[in-house]
């Protein structure tokens, strides 16, 4: 009987092997892009099968914990360890199944251009994500975390030729002097910079945990065991508990696009839509949520013991703000993928808010269950939405919804899948989104009625922009010039399956919720009837208002036709609350100025060293030459002359006449007598 | 037999016996051997040297356990390690001079007198070094002084006669001054005995005594302004005899300083420090500055001025003696001893080399140029001698100057700085001398290797060998002056 962890290791290895194979194929057979694609799909399939095997081997998470590992450093006591428990096994299955479906979709979607590059990083991403999920300790987790970040960078910038149809934002639009559009290469850099900044704090926190509690402080088993107390005692003694807790979650905030790090996710839409679906909606951005779900039940008790539990309150409000802000931005977005990106950030914020709010209320496990549940349902319906959006954009050759409309007639299956997923996003019963969002709102409401109100307001907006999106793309009048048609089955089947799954999961939710609740060590969350009713009402309100406004044509088609206050509000939302501009003005531009200043200083230093110093020395040489001449004369002419004249004087004294010598002698005697007399006189006087 | 048995039992008796043997040997050399002809006279001097060195070695071994000194002849004579060190140097110098004189002096009109006078001079120095009563000091002084005048005058020419006359005239005055000093000393101390722990501490009385003795010693060393004779004698007389005279004079002066002046130094430290320091600086500077221009005319004159400068270094050590007895005091005494022995051997080597390498009279740089290629022994001896006098490392002169400078630093940093500056200046003309020796030779003849060259080379070699054991020389010189000093 092979252990579950061995299957997990196999699942992790499958993607890496596939990446290596594609790399070799790129060298050996650069023209055969289908081979590369099927190698990637094969790797994804193997990973999916093995992760399911791991789940089964651990008996659906009821088989306890199975671990496997390689020693990383015996001196430091660190392992490259994998862990299969209920949580990691379930999330890994979700990840690997999505990876497989999207891989199938990608074969046709990506085609030949850059295929090898795409499949290397796609497979690499899949394995890194599984490594992150299966990680037994924070060191392994960071390894996977960095791998996903690298793949994310490479795939956001996949169209490195910066072709215009893959840009994000309106070219030429500036706010506060900051460009509001982004090219693939710039977006890739933005993603790396924003997440790196946040990751830096997380690495500090991990290092601190290791320093305080040793290897146990950075491993899940250790934190479950005695290392947690050690960690708390060490941090408390150092007075670093609050700072550590904030740093500890900072990486998750960056990865899961929380304010003020959310901007990278908006512009990450420059990547291929399959990448947006997998990495920037379904999996990688969930890494932060997974991290929070995984560690909050372990860390929250320590935080409360140290009296810094209020940090969770702040984190929860930050997530709620992000949820509200990004949902409001989605209301006015013109680009289909951008609506989905805002929506993703907003839904991620729901999950994190649920985790943090419940933790702040002392019920971390409830929050973790809610966050995990919404993570599952969102991963499925958002992947479906993105994949379908990719097909639509492909069909009309435009990323703007202004150029779509009425596509239900041309792409009925795509419309069906999109609609199924959208109803889940809008939280219509009995779709999975309805269940999971109500659970999240219930968890958020533990923070207080105001938090619940914000969550519900966000829910109204969510339903509204979902309806708006469906209307503008599929139901409205036709505004395109192309001849749209359904994509091939390779592309269609995955998102159709995912769309159906979002309904199927909703039907099976009571069972699934129990499974997920058990995975985080609790039970299925109980919906508060009042909150469920309120949430359902919010959803209905949003859908209804949007349908009314758009079907009746109550909204002006052009922004210019809006009254001034509404136009200002529209501009505020359309320009992403000016957060991007503010970040550039406060951080990026001053940073660039500092960089230019340092470069100027460097140039100055350079010219001082390479021009100033030689100039100075040329001057000095001239001065020295003048001095040298005088010195030369003094040494070689004057000094010898002086010595010679002194010597001559001495020689003159030595006249050869003995009478002179006697005179000297007598003078010496007199001198001696005088000295004697003086001494005697001095002594007598004393 | 009874005398021998007593000598075996009693160190004092043994030392008395040894002293008697040495005196008898040199007296024989001085008084009887000239009657036997130059060859036997020379052999007699060798024999006396042998007796003296054997007695010195024996005495050293016998007195070593007794604190480094022993008193004999009812307190008239004291043998200590300092005296043994200095006198051994002196007798070796005389013996080497005798080696050098062979084949030169023997052809002179009264050649045998050279050895006899050398023997008498040695006798005088030995008696001065051992005397512990004042009249013996005076007698020894007279003996050594008169023999040196005779020695200078021994070579029959106008230059030598004039030099001897100048020496004698100045010396007569110096002798009178010494006599005055001795008498005053007797008046003060109430005894003829010389004691290292003199009880007289009254500056009123001590000052004139020290002054008078210092003038006499200054004359002998060539301290400015009592130096007038020195440059003319060393610069004009036959180098062969100057070799002995210059060495003997400094040894004599060093013995007098340690015997007579050192005991008083602590009584009036200020006056000794000031007078000695001022005279030291004047003397060093005078000698070195005077020597600078001799690079234009006469190498022998250069060595003469250098002798004045070297006297200045000894005076610097005398200034340091003014410090209370202790390590600095010992460094001064050791400095005087080592410096003087290095000086004696170097001057012997240098003048002997000049005597072979240079025409007399009228030695010029022209004749010394490229000496290394025609007379390698003489050139080597001159080179080593110049290095010694300049205080170059690896030579005995380096150690002597080192100890003197160390002692001078404790007395006055200014004095030490002046000494170092003077040593630096002197490097110029000593270096010039060596430079001349190794220039390409222009013509000239390759003479036979003379005994003068060999003696010079031997003296030079001795300075190198002794330089290997500076600590031993230091110990020997100061052993008697360590806390358990002679009463």
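Nothing in this text is a laboratory measurement; each read-out follows from the coordinates by a stated rule. All of these numbers come straight from a predicted model, not from anything done at the bench. Here the Cβ is made from the backbone with ideal geometry for all residues, glycine too, and neighbour counts use every protein chain on show.
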Open item on the list: What is the angle, in °, between the Cα long axis of helix A:287-305 and the longest principal axis of the Cα atoms in chain A? Nearest 10 is fine, range 0 to 90.
Closed with: 70
TODO: Please compute P(r) over all alpha-carbon pairs of region A:112-237, binned at 5 Å starting from zero, and give each bin as a whole-number percent.
DONE: 2, 10, 14, 15, 14, 12, 10, 8, 6, 6, 2, 0
Task: Computed Rg/Rh of the protein assembly as shown, alpha carbon atoms with Kirkwood Rh - done: 1.44
- [ ] Relative to the compact-globule scaling 2.2 N^0.38 Å, provide the ratio for the alpha-carbon radius of gyration of region B:378-459.
- [x] 1.38
Open item on the list: Once you place label points 7 Å from the Cα toward the Cβ at residue B:110 and residue B:296, how far apart are they in nm?
Closed with: 4.0
- [ ] In Å and from the alpha-carbon atoms only, list the Rg and Dmax of region A:258-411.
- [x] 17.2, 61
Open item on the list: Can you compute the helix-only [θ] at 222 nm over the protein assembly as shown? Use -39500 (n - 2.57) per DSSP H run of at least 4 residues, normalise by all residues, nearest 500 deg cm²/dmol.
Closed with: -24500 deg cm²/dmol
- [ ] Set the Förster radius R0 to 45 Å, insert the Cβ-Cβ distance between residue B:9 and residue B:36 as r into 1/(1 + (r/R0)^6), and round the FRET efficiency to 0.05.
- [x] 0.75
Open item on the list: Can you give the Rg/Rh ratio of region B:387-427, where Rg is from the C-alpha atoms and Rh is the Kirkwood radius?
Closed with: 0.98
- [ ] Give the Rg (one decimal place) followed by the Dmax (whole number) of region A:447-552, computed from C-alpha coordinates and expressed in Å.
- [x] 18.4, 54
Task: Average projection area in nm² (convex hull over Cα atoms of region A:591-637, one quarter of hull surface) - done: 3.6
- [ ] Wrap a convex hull around the Cα atoms of chain A, take a quarter of its surface area, and give that in square nanometres.
- [x] 54.9
TODO: Mind jotting down the three principal axis lengths of region A:306-354 based on Cα atoms? Whole angstrom, largest first.
DONE: 47, 13, 10
Task: Acute angle (nearest 10 degrees) that the helix A:184-213 long axis makes with the longest principal axis of chain A, alpha-carbon atoms - done: 70
Task: All Cα pairs of region B:115-156, percent lying beyond 15 Å - done: 36
Open item on the list: Please list, short to long, the whole-number percent of alpha-carbon pairs of region B:108-216 in consecutive 10 angstrom bins beginning at zero.
Closed with: 14, 37, 28, 15, 5, 0
Task: Hydrodynamic radius by Kirkwood, which averages 1/r over all alpha carbon pairs of region A:292-332, in angstrom - done: 11.7
- [ ] Would you list the P(r) distribution for region A:541-580, with all Cα-Cα distances sorted into 10 Å bins from 0 and each bin expressed as a whole %?
- [x] 27, 40, 31, 2
TODO: Evaluate the Kirkwood expression for the hydrodynamic radius of region B:336-487, namely the inverse of the mean inverse distance over all pairs of different C-alpha atoms, and round to one decimal in Å.
DONE: 16.5
Task: region A:300-365 - percent relative contact order, Cα under 8 Å, separation 6 or more - done: 44
TODO: Quote the relative contact order of region A:1-72 in percent (integer), defining contacts as alpha-carbon pairs under 8 Å separated by 6+ residues.
DONE: 50
TODO: Give me Rg over Rh for region B:250-404, both radii from the alpha carbons and Rh done the Kirkwood way, two decimal places.
DONE: 1.04
Task: For q = 0.12, 0.19, 0.25 Å⁻¹, Debye-computed log10 I/I(0) when each Cα of region A:510-575 counts as one equal scatterer - done: -0.61, -0.85, -1.07
Task: Sites residue A:523 and residue A:204, calculated FRET efficiency, Cβ-Cβ separation with R0 30 Å, nearest 0.05 - done: 0.25
Task: Hydrodynamic radius (Kirkwood) for chain B, which is based on Cα pairs only, to one decimal in Å - done: 22.1
Open item on the list: Between helix A:115-134 and chain A, what is the angle of the helix's C-alpha long axis to the longest principal axis, kept within 0 to 90° and rounded to the nearest 10?
Closed with: 90
Open item on the list: On a full-extension model of 0.36 nm per residue, what is the gain between residue A:631 and residue A:598, subtracting their alpha-carbon distance, rounded to one decimal in nm?
Closed with: 7.4 nm
Open item on the list: Over the Cα atoms of region A:487-598, what radius of gyration and what Dmax do you get, in Å?
Closed with: 23.4, 61
